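The values are calculated or read from the model by the stated rules, or taken from the named source; none is laboratory data. Remember, it's a predicted structure, so these values are computed and weren't measured experimentally. Counting neighbours? That spans all protein chains shown, and the Cβs are built from the backbone with ideal geometry, glycine included. These accessible areas exclude ligands, DNA and RNA; they are computed on the full protein's heavy atoms, side chains included. Shrake-Rupley method; radii C 1.70, N 1.55, O 1.52, S 1.80 Å.
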Amino acid sequence: MEEVSIIGLDIAKNTFQAHGATANGGVVFRKKLARGKVLEFLSKQPACIVALEACASAHHWGREIAALGHDVRLIPPIYVKPFVKRQKNDAADAEAIAEAATRATMRTVAVKDTQKQALGMAFRARDLLVRQRTQTINALRGHLAEFGLIAPKGTVHLQRLRAPMTAPEADLPNEVIEIAQMLLDQIDGQQEQITALEVRLRARAPKDEASARLMTIPGVGPICAAAVAAFSAPMESFSKGRDFAAWLGLTPRQHSTGGKAILGRMSKMGQRDIRRLLITGAMAVVRWATIRGSNNPWLAELLKRKPRMVVAVALANKMARTIWALLTKGGTYRVPAVAA
């Protein structure tokens, strides 16, 4: 029997499917494995390429399998799908993963270590709590509007809804006051948890040399720097800053043919967490430049010709390229010099 060269592993919660193939694509084995038997089975295989889809728990399995001496490659599911033949099942998926891994130009995802995943968990937990707080505030605003109490959007206006709960002249049923207070307590608890996570992220950023240098870029704060550290691919995998900006989805969508370049709107096809934070930070810089002026000649000139949101997206693109430059070449941000 020929020696296995590539193993495609379709991971799940309890039942895994392995597809072993030779270097020329011949089938060596197709095997269904229980979760507890996966590492035992792979430890008996010769060192080879083990390919998995970059999905839930893939980084954990990537670390465990790499410790056995195998070359682990995580492939985005969208790139595996074209290789699935006919019916969709675990065996077909495992075979498609193995076949996708044979492509020389196939893009892969770097396996994250536990520290990077822990940082990502802190960021995502904060993001979830912020969404839940917003939902609770909007629910409270909607309920109290039915009783004539209104307030603008935003946490800063929450006091307008809180004050009538304790005011003796408030003409509200006791049940309404009790339920509203319950929601207010939930909002306060969520705010405490958000603050605790933000304190942790802000305290970590200055201690990390790379994050500290990123925060010298206008519009990049400790939360954005933490998101770059947690979610970005290794900067060495991008040949230039534009590639990193494209990976974030900050470049125009292209639909070119016949030598004619046709560029559309921003693609939004990349890492959404970093992209959202960069655009939010860029919008803050644009807002400040609109009110106080800017010492960046490129930004000042663009604001004269384009709408603010368009300028913010363009600035976010430039910020992404600057992040790539600082992380690959070192140094800190310097304000562009004014042309003579």
Using a Cα-Cα cut-off of under 24 Å, which lysines could be cross-linked to Lys85, ignoring same-chain neighbours fewer than 8 residues away?
Lys13, Lys31, Lys32
For a bin width of 10 Å, list the pair-distance distribution of segment 48-125 built from all Cα-Cα distances, rounded to whole %.
18, 46, 27, 8, 0
Taking every pair of distinct Cα atoms and averaging 1/r, then inverting, what Kirkwood hydrodynamic radius in Å comes out for the chain?
24.0 Å
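Counting other Cβ atoms within 10 Å, keep those with at most 11, restrict to DSSP loop, and tell me which GluC sites (Glu not before Pro) in segment 152-191 are left. Mind showing how you got there, number by number?
Numbers: sites: Glu169, Glu175, Glu178; in loops: Glu169.
Those that pass, being in a loop and sparsely packed, are Glu169.
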With Cα atoms, 0 to 90° folded angle of helix 272-292 axis to the chain main axis:
40 degrees
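List, in the order given, every pair from Lys116/Lys207; Lys268/Lys304; Lys153/Lys304; Lys37/Lys112; Lys81/Lys268 whose Cα-Cα distance in the structure shown is over 19 Å. Provide the component values of the computation, followed by the final result.
Working: Lys116/Lys207 15 Å; Lys268/Lys304 26 Å; Lys153/Lys304 30 Å; Lys37/Lys112 23 Å; Lys81/Lys268 21 Å.
Checking Cα-Cα distances, Lys268/Lys304; Lys153/Lys304; Lys37/Lys112; Lys81/Lys268 exceed 19 Å.
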Taking a probe of 1.4 angstrom, what is the accessible area of Met235 in Å², to the nearest 10?
10 Å²
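State the volume of the convex hull built on the alpha-carbon positions of segment 200-336, expressed per residue in Å³ and rounded to an integer.
Working: hull volume 16.7 nm³, N = 137.
Taking the convex hull of the Cα positions in segment 200-336, it is 122 Å³ per residue.
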Evaluated at q = 0.15, 0.26 Å⁻¹: base-10 log I(q)/I(0), Debye formula over Cα of segment 259-319:
-0.49, -1.08
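Kindly give the semi-axes, whole Å and largest first, of the ellipsoid equivalent to segment 116-157, taking each as the square root of 5 times a Cα gyration tensor eigenvalue. Each step should come with its number before you reach the end.
Values: eigenvalues 191, 15, 3 Å².
With the √(5λ) rule applied to segment 116-157, the semi-axes are 31, 9, 4 Å.
Mind ranking 300-307, 221-228 by how tightly packed they are, going by the mean number of other C-beta atoms within 10 angstrom, highest first?
Numbers: 300-307: 12.4, 221-228: 21.9.
The most tightly packed comes first, giving 221-228, 300-307.
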On C-alpha positions alone, give me the angle between the axis of helix 308-329 and the longest principal axis of the chain, in degrees, nearest 10.
50 degrees
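Can you pull the Kirkwood radius for segment 134-181, inverse mean 1/r over Cα pairs, to one decimal in Å? Before the final figure, lay out each step's value.
Numbers: mean 1/r = 0.0921 Å⁻¹.
Mean inverse Cα-Cα distance, inverted, gives 10.9 Å.
Using per-residue counts of other Cβ atoms within 10 Å, averaged over each peptide, order 82-93, 187-198 from highest down.
187-198, 82-93
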With +1 on the Cβ of every Lys and Arg and -1 on the Cβ of every Asp and Glu, the dipole magnitude of segment 165-230 about its Cα centre, in debye rounded to the nearest 20, is 820 debye
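Once every DSSP H run of n ≥ 4 in the chain is given -39500 (n - 2.57) and the sum is divided by its residues, what mean residue ellipticity at 222 nm do you get, rounded to the nearest 500 deg cm²/dmol? Mind showing how you got there, number by number?
Numbers: 13 runs with 180 residues, N = 340.
Only helices count here, giving -17000 deg cm²/dmol.
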Degrees, to the nearest 10: 222-231 long Cα axis against longest axis of the chain
20 degrees
